[in-house]
1. Looking at (1) touching a residue at least 24 places away in the same chain (Cβ under 8 Å); (2) buried (at least 18 other Cβ atoms within 10 Å of the Cβ); (3) closer than 29 Å to residue 186 by Cα, which is the only condition residue 92 fails?
2. Would you mind telling me which numbered condition in (1) among the β-branched types (Val, Ile, Thr); (2) assigned to a loop (DSSP other than H, G, I, E, B); (3) in contact with a helix residue (DSSP H, G or I) (Cβ under 8 Å, 6 or more places away or on another chain) residue 92 fails?
3. Exactly one of (1) aliphatic (A, V, I, L, M); (2) surrounded by fewer than 14 Cβ atoms within 10 Å (Cβ to Cβ); (3) within 23 Å of residue 113 (Cβ to Cβ) is unmet by residue 147. Its number?
4. Being touching a residue at least 24 places away in the same chain (Cβ under 8 Å), surrounded by fewer than 18 Cβ atoms within 10 Å (Cβ to Cβ) and among the acidic types (Asp, Glu) narrows it down to one residue among 111, 187, 168, 99; which is it?
5. Which residue is farthest from the chain's Cα centre (by Cα), if the candidates are limited to segment 119-171 and must be of a type outside the set (S, T, N, Q), assigned to a loop (DSSP other than H, G, I, E, B) and closer than 24 Å to residue 91 by Cβ?
Amino acid sequence: MPILPSKLKTVRSLIYCLKAIALLSLLSCQHEYDWYEREFSAKEKISYAKELRNGVSYYYPGTVPEQFHLKEAIKLDTNDSDQWREFGTTRVKRGLAAEMQYYYGKAAAKEPDPWAGFRGYLYLYFYRDYKRAIADFDLTDSVVGGVSFSQGRDHDYMRGIACYGLKEYPPALQSLLLYIDTVMANEDE
């Protein structure tokens, strides 16, 4: 039985489709190459990470190239708390609370003084998470061995504001009185 011309076109187009599928599947199975990765010594990693950070605006690494530089710097040197904090700063400014907690958490774990206090400041004033703010102020003060400052504010003052936000008035009053006593002793009336 002979093949009709209309069926012949259908068979040919089916053959072309099958060839195209076979070709695409072969091309998609290619090996991925790590062209841009190279092994560095520990000193080189730290040095290159600092060089990558030099082009980043301090406290506002918001552009795409700056974000890329910070990601690469973090890959090279995961122990530098400043890089983690800088990456977290853009998350704060964009309102990405979960990512801010992650990146500031990494910075605070590496260097509690000053980054736990800064994170406490963010919890207090930006997110109104008073319990976490108090925990961060206590952590920083325990590392420093006294009352510290974050963002130009005394931790006793901010701890008092946080306790007031939790409606725990006696501890709030106690913290604020400690702050007032400190100011009176250092700066007079």
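1. Residue 92 satisfies all of (1) touching a residue at least 24 places away in the same chain (Cβ under 8 Å); (2) buried (at least 18 other Cβ atoms within 10 Å of the Cβ); (3) closer than 29 Å to residue 186 by Cα except (3).
2. (2)
3. Going through (1) aliphatic (A, V, I, L, M); (2) surrounded by fewer than 14 Cβ atoms within 10 Å (Cβ to Cβ); (3) within 23 Å of residue 113 (Cβ to Cβ) one by one, residue 147 breaks only (2).
4. 111 is the lone residue from the list that is touching a residue at least 24 places away in the same chain (Cβ under 8 Å), surrounded by fewer than 18 Cβ atoms within 10 Å (Cβ to Cβ) and among the acidic types (Asp, Glu).
5. 152
Values in this text are rule-based calculations from the coordinates and carry no lab data. Just so it is clear, the model here is predicted, and its values are computed rather than measured. A quick note on method: Cβ atoms are made from the backbone with ideal geometry, for glycine too, and the neighbour counts reach across all protein chains shown.
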